[in-house]
1. Quick check on the stretch 2-91: take the gyration tensor over C-alpha atoms, sort the square-rooted eigenvalues as a ≥ b ≥ c, and tell me if it's rounded (a/c under 1.5), prolate or oblate.
2. Positive end of the dipole of the stretch 3-107, charges at C-beta (+1 Lys, Arg; -1 Asp, Glu), about the Cα centre: which of Val94, Gly11, Asn42 has its Cα farthest in that direction?
3. Pick from Glu187, Glu160, Glu202 the residue whose mean-square fluctuation is largest in a GNM of the chain, springs joining Cα atoms under 10 Å.
4. Among the complete DSSP H segments of the chain, which ones combine at least 15 Å of alpha-carbon extent along their axis with a mean Kyte-Doolittle hydropathy of -1.0 or more?
5. Need the list of aspartates and glutamates near Lys2 for cross-linking: C-alpha distance under 14 angstrom, and skip anything on the same chain fewer than eight residues off.
6. Report for the chain the percent antiparallel among DSSP-assigned beta bridges with both residues inside it, nearest 5.
7. GNM on the chain, C-alpha springs below 10 Å: top fluctuator among Val205, Val101, Val161?
8. Would you mind classifying the stretch 146-186 by shape? Square roots of the alpha carbon gyration tensor eigenvalues, ordered a ≥ b ≥ c; an a/c under 1.5 is rounded, otherwise it is prolate if a/b is larger than b/c and oblate if not.
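Just so it is clear, none of the values below were taken in a lab; they were calculated from the coordinates. Bear in mind the structure is a predicted one, so any value in this text is a computation, not a measurement. Glycine also receives a Cβ, built like all others from the backbone with ideal geometry; neighbour counts cover every protein chain displayed.
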Amino acid sequence: EKADWAAGLLGIDHLMNRKPRALSGGERQRVALARAIVRDPNVFLLDEPLSNLDAKLRTSARDELKQFQERLGTTTIYVTHDQVEAMGLGDRIVVILDGKVRQIGPPREVYSDPADTFVATFIGAPPMNLIDRGDHLLGFRPENFLPTAAISSNGGNVLEVEVRTHRIEYLSGDRHVFATVTGLGPEEAHIVARVPATVDAEVLVDAEQRFAVHEKDLRFFDGDTGKRTDPRPVRT
């Protein structure tokens, strides 16, 4: 009876009489989860359960896992190298490098306020832009760096710079603008801006253009340790 309940929960009732060799990768994942459910554990530990699935299956399986966890309400520890899975499934994320915890927090906090440069560049695609300014690094997310005309003055002070655009990629309606910037550090820096489809601003290739970011969206990191530091004035 418990096995039937678990199979129904995961939508695998029709697989009950099949042999393991007759199951697809996604079906085997659900069967393994059902076997864990019938044991009624206090905690589920899932170690990269979607690693053997192709991209399309991983997307649907990720949604199923989220729904499954919410229905059961059981604490679930999910181990993954995939930041998309971590951000999409986790209520809290633990970022680990070489066995050491670098940051713990809700997905939005880890994304917006990374504890160090490793987290800043590991979480996010494209990752956070980091510009070396000698004793510290200046960071900002690509979606916060937009053509000046698209930046609202209601968000407070703005850092405005001139960039040289090199390439534009169109992904899911957004424009990923690859450019270089001078004046923010001792050397020219390569940066990426993500301009959403909702922003009606012309961006040309191989052109000098003005881009800006709100100062509240700037993050600062120690030049030696890479750890977050207190905000400081930015001079161009």
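1. oblate
2. Gly11
3. Glu202
4. Sorted by number, the helices that extend far enough and score high enough are 25-37.
5. Asp13, Asp40
6. Roughly 90 percent of the DSSP beta bridges within the chain come out antiparallel.
7. In this elastic network of the chain, the residue with the biggest mean-square fluctuation among Val205, Val101, Val161 is Val101.
8. Oblate shape, in that a/c is at least 1.5 and b/c is the bigger or equal ratio.
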